[in-house]
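Below is one structure, written out as structure tokens; comments come after it.
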Amino acid sequence: MSIFVFGFIYLTTSFSGTGYFRPEESFMLFGLLTFIQLGLVLFITPGLTAGSISTEREKQTLNILLTTSQSSMQIILGKLSSSIAFLLLMLVAGLPIYSLVFLFGGISPGQLGLILLFFILTMITVGSFGIMFSTITKKTIVSMIATYGTMIFLTGITAFFFIITLQVDMMNSGGIQSSSPMAHFWASINPGILIFTLLNPTTESFVNEMTQIEFPIWLGYTIFYVLLAASAITISVKKLRVNMKKSQ
């Protein structure tokens, strides 16, 4: 990320021939850094969580872990929190790089704080899915494939469904823009679209105009991902000792 920041600044100032960095260019750099950080979160989180329980099972240490005084909830939350703590450290380590952007202006600290909060929510949800698949499957590789498949669905497939749903609704209405709740739903659960709306509020107005639904995308994202995380953790807690009994 540091190489990217300094390379971007060098290329921008050299091409302009002015020797200074404009605020709008700083905002562009901030947006690119945000998407890089989002990609790192979505790429690293499944690798840290998808093998939490299945690795214990493969190493024959799950039986010992389940005989401790810890409850299933404590075990699941402990595994999740240890992985999330490492990812939070990664986010904190990236803050000095973000601080370089603030030197040139164009970005508010509140905007950065809001984006970091949604990064944390995304990490918890993705980590919960990794723990869930690690609990209900016996092999780590299967758990990782399922977790990465879920991430592909949430990032790529939902964006594809958003476009397709808009086109289908317009065709059904004779080319007239009509209300499209499903298209707004697909947009609300896509991390990339959410980041676009946080970086540029006019993006949310554009989505609302296209779908004819006046509902904040960030609120829909928060509700949906909190429910996903809670459901995944609940399933993990219920299935942890069930799989143990079946294996015996």
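Do we have residue 60 as over 21 Å from residue 192 (Cβ atoms), over 23 Å from the mean Cα position of the chain (by Cα), outside any helix (DSSP H, G or I) and free of Cβ contacts under 8 Å to residues at least 40 places away in the same chain here? Against the criterion (over 21 Å from residue 192 (Cβ atoms), over 23 Å from the mean Cα position of the chain (by Cα), outside any helix (DSSP H, G or I) and free of Cβ contacts under 8 Å to residues at least 40 places away in the same chain), residue 60 qualifies. Here residue 67 meets each of (1) over 13 Å from residue 119 (Cβ atoms); (2) within 14 Å of the chain's Cα centre (by Cα) with one exception, condition (2).
Taking the conditions exactly as written (surrounded by fewer than 16 Cβ atoms within 10 Å (Cβ to Cβ), of a type in the set (A, V, I, L, M), modelled with pLDDT of 90 or more and farther than 19 Å from residue 233 by Cα), does residue 141 satisfy them or not?
Details: surrounded by fewer than 16 Cβ atoms within 10 Å (Cβ to Cβ): yes; of a type in the set (A, V, I, L, M): yes; modelled with pLDDT of 90 or more: yes; farther than 19 Å from residue 233 by Cα: yes.
Yes; evaluated as a whole, the condition is true for this residue.
Reported count of residues in the stretch 216-229, each being surrounded by 14 or more Cβ atoms within 10 Å (Cβ to Cβ) and either modelled with pLDDT under 90 or hydrophobic (A, V, I, L, M, F, W, C) (or both), is 5. Only one of the listed residues (94, 47, 78) is part of a helix (DSSP H, G or I) and either touching a Ser or Thr at 6+ places or on another chain (Cβ under 9 Å) or at positive phi (or both). That residue is 47.
Here residue 206 meets each of (1) within 30 Å of residue 130 (Cβ to Cβ); (2) not in a loop (DSSP other than H, G, I, E, B) with one exception, condition (1). Every listed requirement among (1) of a type outside the set (Gly, Ala, Ser); (2) over 11 Å from residue 41 (Cβ atoms); (3) surrounded by fewer than 22 Cβ atoms within 10 Å (Cβ to Cβ) is met by residue 135 save one, (3).
Could you tell me which residue of the stretch 108-133 is nearest to the chain's Cα centre (by Cα), considering only residues that are of a type in the set (Ser, Thr, Tyr) and within 18 Å of residue 153 (Cβ to Cβ)? Here the answer is 122.
Which of the following residues is within 14 Å of the chain's Cα centre (by Cα) and either of a type in the set (Phe, Trp, Tyr) or closer than 15 Å to residue 237 by Cα (or both): 102, 35, 86?
Numbers: 102 fails: within 14 Å of the chain's Cα centre (by Cα); 86 fails: within 14 Å of the chain's Cα centre (by Cα).
None of the others qualify; the one that does is 35.
Taking the stretch 177-188 as the range and being crowded, with 22+ Cβ neighbours inside 10 Å and within 17 Å of residue 226 (Cβ to Cβ) as the test, only 188 passes.
Any idea which of 113, 127 is in a helix (DSSP H, G or I), of a type outside the set (Lys, Arg) and in contact with a Ser or Thr (Cβ under 7 Å, 6 or more places away or on another chain)? Even if it seems obvious, please write down each step before you answer.
Values: 113 fails: in contact with a Ser or Thr (Cβ under 7 Å, 6 or more places away or on another chain).
None of the other options fit; the residue is 127.
The values are calculated or read from the model by the stated rules, or taken from the named source; none is laboratory data. Not measured: the values here are computed from a predicted model. Reconstructed Cβ throughout: ideal geometry from the backbone, glycine too, with neighbour counts over all protein chains shown.
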